[in-house]
């Protein structure tokens, strides 16, 4: 299976989004009906496929309702900074209470919680399904079986921080080489090792399409270093509810279970074709799930 590498751009934080604000429609009417199109910028974390999938889904939904939506890619820190400054209008991939806790502590007064849409999120250390270990307690003693390598993702990710500050010291993994680069690089390493029939250990998270695609398993974490299951939230700028009252209501009521999310992710990332334009793929997925999608704005 071909792992897509999504080219990303980090938005210049000094740029202010030009919002074409319009008066709200009457009860039951679209906020953009009969008015100038509203522009919305959604920040998307680099390398987080569930955030990319949901953001692409909502771009399609909102544009169908008359909005003009731009997706801007950034690492978590710049994305939260942009959201707090109003450069971004929304971010749809905030993990709480653990992964993005420090960002909420820093920027919470300047951003707006819109609601949780998935409560099955979990940080993990994953290995090949036939690996000789089942727990993080066993990893240090079997490091040689994994080439003394633990393959991570972006250096600024909450998962990377938890692995560095909690997992590694708790389980005595200091002698293993902990590689941080990017999520696409981690997935490429995972795919290569699995194809070669070799053991591999990577930092990962649920929900992620890799669990549908590859024969992998999570290592048990008896000390709870990666925390319990988390919820994934949508957050808006401080004025999001005033600027986009109808969209704010839709996002507040939005829920998506992991199986539905996997379906969308697989359509986007596992087609076997390289692309940076997911719009046609998402449009087709929507047509196949029209009743569910229509319920998001009804």
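Restricting attention to segment 141-167, report how many residues are in contact with a strand residue (DSSP E or B) (Cβ under 8 Å, 6 or more places away or on another chain) and at positive phi.
Residues flagged as in contact with a strand residue (DSSP E or B) (Cβ under 8 Å, 6 or more places away or on another chain) and at positive phi within segment 141-167 amount to 1.
Which members of segment 34-55 meet the condition of being part of a helix (DSSP H, G or I) and surrounded by fewer than 22 Cβ atoms within 10 Å (Cβ to Cβ)? Reasoning before the result, please.
Just the residues of segment 34-55 that are part of a helix (DSSP H, G or I), to begin with: 49-55.
Scanning segment 34-55 gives no hits.
Is it the case, given these coordinates, that residue 68 is assigned by TED's automatic domain parsing to the domain that holds residue 260, more than 16 Å from the chain's Cα centre (by Cα), surrounded by 24 or more Cβ atoms within 10 Å (Cβ to Cβ) and closer than 30 Å to residue 294 by Cβ? Even if it seems obvious, please write down each step before you answer.
Working: assigned by TED's automatic domain parsing to the domain that holds residue 260: yes; more than 16 Å from the chain's Cα centre (by Cα): yes; surrounded by 24 or more Cβ atoms within 10 Å (Cβ to Cβ): no; closer than 30 Å to residue 294 by Cβ: yes.
Here the answer is no, as residue 68 does not meet what is asked.
Please work out if residue 122 is under 30 Å from residue 72 (Cβ atoms), in contact (Cβ under 8 Å) with a residue 40 or more places away in the chain and in contact with a helix residue (DSSP H, G or I) (Cβ under 9 Å, 6 or more places away or on another chain).
Values: under 30 Å from residue 72 (Cβ atoms): yes; in contact (Cβ under 8 Å) with a residue 40 or more places away in the chain: yes; in contact with a helix residue (DSSP H, G or I) (Cβ under 9 Å, 6 or more places away or on another chain): no.
Here the answer is no, as residue 122 does not meet what is asked.
Name the one entry in 170, 225, 163 that is touching a helix residue (DSSP H, G or I) at 6+ places or on another chain (Cβ under 7 Å) and farther than 23 Å from residue 54 by Cβ. Don't jump to the end; show me each part of the working.
Numbers: 170 fails: touching a helix residue (DSSP H, G or I) at 6+ places or on another chain (Cβ under 7 Å); 163 fails: touching a helix residue (DSSP H, G or I) at 6+ places or on another chain (Cβ under 7 Å).
After ruling out the rest, the residue left standing is 225.
Taking segment 102-129, which residues are part of a strand (DSSP E or B) and under 19 Å from residue 210 (Cα atoms)?
Applying the first criterion (part of a strand (DSSP E or B)) to segment 102-129 yields 111-128.
Once the filter is applied, which keeps residues that are part of a strand (DSSP E or B) and under 19 Å from residue 210 (Cα atoms), segment 102-129 yields 118, 119, 120, 121, 122, 123, 124, 125, 126, 127, 128.
Tell me yes or no: at least one residue of segment 150-160 is more than 14 Å from the chain's Cα centre (by Cα), buried (at least 21 other Cβ atoms within 10 Å of the Cβ) and closer than 26 Å to residue 257 by Cα.
yes
With respect to residue 252, determine if the residue is in a helix (DSSP H, G or I), out of contact with any helix residue (DSSP H, G or I) (no Cβ under 6 Å at 6 or more places or on another chain) and under 25 Å from residue 100 (Cβ atoms). Walk me through how you get there before you give the answer.
On the way: in a helix (DSSP H, G or I): yes; out of contact with any helix residue (DSSP H, G or I) (no Cβ under 6 Å at 6 or more places or on another chain): yes; under 25 Å from residue 100 (Cβ atoms): yes.
It is true that residue 252 is in a helix (DSSP H, G or I), out of contact with any helix residue (DSSP H, G or I) (no Cβ under 6 Å at 6 or more places or on another chain) and under 25 Å from residue 100 (Cβ atoms).
Looking only at segment 85-97, how many residues end up being out of contact with any strand residue (DSSP E or B) (no Cβ under 6 Å at 6 or more places or on another chain) and part of a loop (DSSP other than H, G, I, E, B)?
2
Residues of segment 57-81 being farther than 15 Å from residue 243 by Cβ, in a helix (DSSP H, G or I) and modelled with pLDDT of 95 or more, which ones?
Once the filter is applied, which keeps residues that are farther than 15 Å from residue 243 by Cβ, in a helix (DSSP H, G or I) and modelled with pLDDT of 95 or more, segment 57-81 yields 57, 58, 59, 60, 61, 63, 64, 78, 79, 80, 81.
Taking only segment 217-243 into account, find how many residues are over 30 Å from residue 82 (Cα atoms) and surrounded by 20 or more Cβ atoms within 10 Å (Cβ to Cβ).
Residues flagged as over 30 Å from residue 82 (Cα atoms) and surrounded by 20 or more Cβ atoms within 10 Å (Cβ to Cβ) within segment 217-243 amount to 2.
The values are calculated or read from the model by the stated rules, or taken from the named source; none is laboratory data. Not measured: the values here are computed from a predicted model. Cβ atoms come from the backbone with ideal geometry, glycine included; neighbour counts cover every protein chain shown.
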